[in-house]
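Student: A single structure is presented below for examination.
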Amino acid sequence: MGLFNVSHPASFLLTGIPGLESSHSWLAGPLCVMYAVALGGNTVILQAVRVEPSLHEPMYYFLSMLSFSDMAMSMATLPTVLRTFCLNARSIAFDACLIQMFLIHSFSMMESGILLAMSFDRYVAICDPLHYATVLTNGVIAGIGVAVTARSFITLFPLPFLFKRLPVCRSNVLSHSYCLHPDMMKLACADITINSIYGFFVLISTCGMDIFFIFLSYVLILRSVMAIASRKERLKALNTCVSHILAVLAFYVPMIGVSVVHRFGEHAPRYIHVFLSNVYLFVPPVLNPLIYSAKTKEIRRAIVRMFHRIKM
């Protein structure tokens, strides 16, 4: 019990965008639009996959998982972001901040695992199409979903407890309108080496490995595609990967930028930290449904049919 008997503030104060405090009410509108697109777009994709029999395939089951993780990420940040920008209510209870931190990092890791699963789906579909249906059965897909979820929550479960053992006495003002572990641990007035090492280990052993295997899968995919004699068939095979590649870039590029800036950019301007963190959390949930709706004709057709049935 004595491990957690340290000084903690009753609450943290969240920050919107430094230097633009007077414009927060104007920024609330675009933020609400982004949340509406993220929640609405991913809900439409989930519903389309659920009701459209032609989408009951592994690729679209994984897309449903991606949409769910995007919605969960948006819901995890929505309460504090809208309170900060719309109501100028900056306070968040200490324990509530720990819960939000855990959820944001967990759903982020879950999305990374799902993107890896989607790359495996593309690898099997292109490199071993004859065994696609036997390799990616409903049982295997469900098992992958459970494994990705369990990895996220089990790996990050120690994080709130590692932070709770640290005394916080420097300040209670966070740099964002939500709670992130790298931002919170900078407020501790004790040695944060364990937290920093554990956070870095989690990042490398999960998202880092996911990036490596996604890259490896596309090396194998490209090798297989280059062996196809017909140029038209090569382009057709590669076109099935475009949406996934764009989703991977939209997720990993901001995530890597946030991680690098938080760990090695102590002297970087504060707005760089804020900008990268906001892009990392807000952009993928907004872009993913737009990317898959624009680039996947089966999704477009299913959405049109779904809304046509609703109107009838």
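Student: Which residues, taken from region 44-59, are closer than 20 Å to residue 134 by Cβ and without any contact (Cβ under 8 Å) to a residue 60 or more places away in the chain?
Tutor: Within region 44-59, 56, 57 qualify.
Student: Name the single residue, out of those in region 278-300 being free of Cβ contacts under 8 Å to residues at least 40 places away in the same chain and more than 15 Å from the chain's Cα centre (by Cα), that is least open to solvent (accessible area, probe 1.4 Å).
Tutor: Restricting to residues being free of Cβ contacts under 8 Å to residues at least 40 places away in the same chain and more than 15 Å from the chain's Cα centre (by Cα), the top hit is 294.
Student: Restrict the check to region 175-192 and report whether at least one residue is part of a helix (DSSP H, G or I), in contact (Cβ under 8 Å) with a residue 12 or more places away in the chain and either open to solvent by 40 Å² or more (accessible area, probe 1.4 Å) or among the hydroxyl-bearing types (Ser, Thr, Tyr) (or both).
Tutor: No; the residues of region 175-192 include none that is part of a helix (DSSP H, G or I), in contact (Cβ under 8 Å) with a residue 12 or more places away in the chain and either open to solvent by 40 Å² or more (accessible area, probe 1.4 Å) or among the hydroxyl-bearing types (Ser, Thr, Tyr) (or both).
Student: Take residue 256 and decide whether it is surrounded by fewer than 20 Cβ atoms within 10 Å (Cβ to Cβ) and β-branched (Val, Ile, Thr).
Tutor: Numbers: surrounded by fewer than 20 Cβ atoms within 10 Å (Cβ to Cβ): yes; β-branched (Val, Ile, Thr): yes.
Yes; evaluated as a whole, the condition is true for this residue.
Student: Separate question: May I ask you to say which residue of 98, 87, 115, 136 is within 16 Å of the chain's Cα centre (by Cα) and aliphatic (A, V, I, L, M)?
Tutor: Result: 115 is the single residue among 98, 87, 115, 136 that is within 16 Å of the chain's Cα centre (by Cα) and aliphatic (A, V, I, L, M).
Student: Just checking, which of 82, 14 is among the hydrophobic types (A, V, I, L, M, F, W, C) and surrounded by fewer than 18 Cβ atoms within 10 Å (Cβ to Cβ)? Break it down into steps so the answer makes sense when it comes.
Tutor: Working: 14 fails: surrounded by fewer than 18 Cβ atoms within 10 Å (Cβ to Cβ).
When all the criteria are applied, what remains is 82.
Student: Hey, can you tell me all the residues within region 132-171 that are of a type outside the set (Phe, Trp, Tyr), assigned to a loop (DSSP other than H, G, I, E, B) and surrounded by fewer than 18 Cβ atoms within 10 Å (Cβ to Cβ)?
Tutor: Those that are of a type outside the set (Phe, Trp, Tyr), assigned to a loop (DSSP other than H, G, I, E, B) and surrounded by fewer than 18 Cβ atoms within 10 Å (Cβ to Cβ): 137, 165, 167, 169, 170, 171.
Student: Just the residues that are open to solvent by less than 20 Å² (accessible area, probe 1.4 Å) and among the hydrophobic types (A, V, I, L, M, F, W, C), please, taken from region 52-69.
Tutor: Residues satisfying the conditions are 55, 62, 63, 66.
Student: Considering only residues of region 17-35 that are of a type in the set (A, V, I, L, M, F, W, C) and part of a loop (DSSP other than H, G, I, E, B), which is least open to solvent (accessible area, probe 1.4 Å)?
Tutor: First pass over region 17-35, keeping only residues of a type in the set (A, V, I, L, M, F, W, C): 17, 20, 26-28, 31-34.
Filter once more, so that each one left must be part of a loop (DSSP other than H, G, I, E, B): 17, 20.
Details: 17: 43, 20: 78 Å².
Restricting to residues being of a type in the set (A, V, I, L, M, F, W, C) and part of a loop (DSSP other than H, G, I, E, B), the top hit is 17.
Student: If you don't mind, another one. List pairs: first in region 238-250 and within 18 Å of residue 65 (Cβ to Cβ) and in contact (Cβ under 8 Å) with a residue 12 or more places away in the chain, second open to solvent by less than 20 Å² (accessible area, probe 1.4 Å) and in a loop (DSSP other than H, G, I, E, B), Cβ under 7 Å, 6+ apart or cross-chain?
Tutor: 243/296
Student: Ok, one more. Considering each of 89, 38, 72 in turn, give the residue that is surrounded by 15 or more Cβ atoms within 10 Å (Cβ to Cβ) and either assigned to a loop (DSSP other than H, G, I, E, B) or out of contact with any Ser or Thr (no Cβ under 6 Å at 6 or more places or on another chain) (or both). Give the derivation first.
Tutor: Details: 89 fails: surrounded by 15 or more Cβ atoms within 10 Å (Cβ to Cβ); 38 fails: either assigned to a loop (DSSP other than H, G, I, E, B) or out of contact with any Ser or Thr (no Cβ under 6 Å at 6 or more places or on another chain) (or both).
72 is the lone residue from the list that is surrounded by 15 or more Cβ atoms within 10 Å (Cβ to Cβ) and either assigned to a loop (DSSP other than H, G, I, E, B) or out of contact with any Ser or Thr (no Cβ under 6 Å at 6 or more places or on another chain) (or both).
Student: Report whether or not residue 43 is open to solvent by 50 Å² or more (accessible area, probe 1.4 Å) and under 22 Å from the mean Cα position of the chain (by Cα).
Tutor: Spelling it out, residue 43 is indeed open to solvent by 50 Å² or more (accessible area, probe 1.4 Å) and under 22 Å from the mean Cα position of the chain (by Cα).
The values are calculated or read from the model by the stated rules, or taken from the named source; none is laboratory data. Small disclaimer: the values here were computed from a predicted structure and weren't measured. Positions of Cβ are generated from backbone atoms using ideal geometry, with glycine treated the same way; all protein chains shown enter the neighbour counts. Quick note on the areas: whole protein, heavy atoms, side chains included, nothing else; ligands and nucleic acids left out. Shrake-Rupley method; radii C 1.70, N 1.55, O 1.52, S 1.80 Å.
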